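The values are calculated or read from the model by the stated rules, or taken from the named source; none is laboratory data. As the structure is a computational prediction, the values presented were derived from the model and not from experiment. Don't worry about glycine lacking a Cβ; one is built from the backbone with ideal geometry, like all the others, and counts go over all protein chains shown. What goes into the accessible areas is simple: the full protein's heavy atoms, side chains included, and nothing from ligands, DNA or RNA. Shrake-Rupley method; radii C 1.70, N 1.55, O 1.52, S 1.80 Å.
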Amino acid sequence: MSTNVTDRAMDETIARLNIDHYRQLLDNEPDEIRRKAILRRMDEEQSKLERKLRSGGIG
């Protein structure tokens with residue numbers, strides 16, 4: 001596996017872990033302002049991941 005492919009796979013994994021982390025934060029965050037900030041970050045991460053996957057990879 002080339003370094004570029006490995007890097008893309010690792011970037012995808014990190015993005016998915018970040019999204020999962022944001023979901024866990026939401027489960028434990030009662031403050032609505034903080035929840036909105038977490039949701040915004042999660043949406044940004046999901047959009048970034050989707051754009052990269054459509055373009056053929058992350059990186």
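Quick notes
- With respect to the conditions (1) loosely packed, with under 11 Cβ neighbours inside 10 Å; (2) modelled with pLDDT under 95, residue 30 lacks only one, and its number is (2).
- Matching residues, region 28-43, being charged (D, E, K, R) and part of a helix (DSSP H, G or I): 32, 34, 35, 36, 40, 41, 43
For every residue, the table says whether it meets (1) aromatic (Phe, Trp, Tyr); (2) assigned to a helix (DSSP H, G or I); (3) surrounded by fewer than 15 Cβ atoms within 10 Å (Cβ to Cβ).
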| site | (1), (2), (3) |
| --- | --- |
| 15 | no, yes, no |
| 19 | no, yes, no |
| 23 | no, yes, yes |
| 26 | no, yes, yes |
| 45 | no, yes, no |
| 51 | no, yes, yes |
| 56 | no, no, yes |
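- Pairs, first under 16 Å from residue 52 (Cα atoms) in region 11-37, second open to solvent by 60 Å² or more (accessible area, probe 1.4 Å), C-beta under 6 Å, six or more apart: 11/59
- Residues (in contact (Cβ under 8 Å) with a residue 24 or more places away in the chain and more than 13 Å from the chain's Cα centre (by Cα)) located in region 38-58: 57
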